[in-house]
């Protein structure tokens, strides 16, 4: 299932090759994976998934693996760069979608919204960022 954050950003949990037709139905132009390969035994390697997406016409695929407890402003700025360089809408995915939402929240705080607003947006979309709430509150906006 894809969660629409706005007209340009969707978030999902782990994708499988069988999900590609659904991704195409949403008009997704780019896919960004925030999950490290081999996080789970049965997880498909990103390179295999990316190749299947390219074969299906989703030409822009990116692998930006992060660990939830280590998400920081640098990761968010890398995501910001990817989003500015790629075609939208983009789909961000990881195991459950939560670390993608955490990156999105971090980026939006850097852009100037409050941590409370970012956390509330996450909750409205079904994501719980309580494990990094204090970390998010320490971020200072830089408006990338």
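Every number here is computed from the coordinates shown, using simple stated rules; none is lab data. Only a predicted model underlies this, so the values are computations on that prediction, with no experimental measurement involved. Please note: Cβ atoms are built from the backbone with ideal geometry, for glycine as well, and neighbour counts cover all protein chains shown.
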### Query
Taking Cα atoms, how many degrees apart are the long axis of helix 73-85 and the longest axis of the chain, rounded to 10 and kept between 0 and 90?
50
### Options (1) -0.51, -0.85, -1.01; (2) -0.73, -0.96, -1.07; (3) -0.44, -0.80, -1.00 - which one matches log10 I(q)/I(0) by the Debye sum over Cα atoms at q = 0.12, 0.16, 0.18 Å⁻¹ as calculated here
(3)
### Task
For each of 123, 31, count neighbouring Cβ atoms within 10 Å of the residue's Cβ, then give the residues from fewest to most.
123, 31
### Message
Quick check: the distance between the Cα centres of the stretch 93-111 and the stretch 39-75, to the nearest angstrom?
### Response
14
### Message
Restricting to Cα pairs below 8 Å that are 6+ residues apart, what does the relative contact order work out to for the chain? Please round to a whole percent.
### Response
28
### Message
Helix 115-124 against the longest principal axis of the chain: what's the angle in degrees, Cα atoms only, rounded to the nearest 10?
### Response
40
### Query
Which residues in the stretch 65-103 place their backbone N less than 19 Å from a point set 7 Å from the Cα of residue 1 along the Cα-to-Cβ direction?
91-102
### Task
Kindly express, to the nearest 10 degrees and within the range 0 to 90, the angle between helix 46-55's C-alpha long axis and the longest C-alpha principal axis of the chain.
60
### Query
Using Cα-only point scatterers and the Debye equation, what is log10 of I(q)/I(0) for the stretch 26-68 at each q in 0.24, 0.25 Å⁻¹, rounded to two decimals?
-0.84, -0.89
### Distance between modelled label sites at residue 68 and residue 88, nm, 7 Å Cα→Cβ extension
2.7
#### Entry: Order of 33, 94 - criterion: other Cβ atoms within 10 Å of each residue's Cβ, fewest first
33, 94
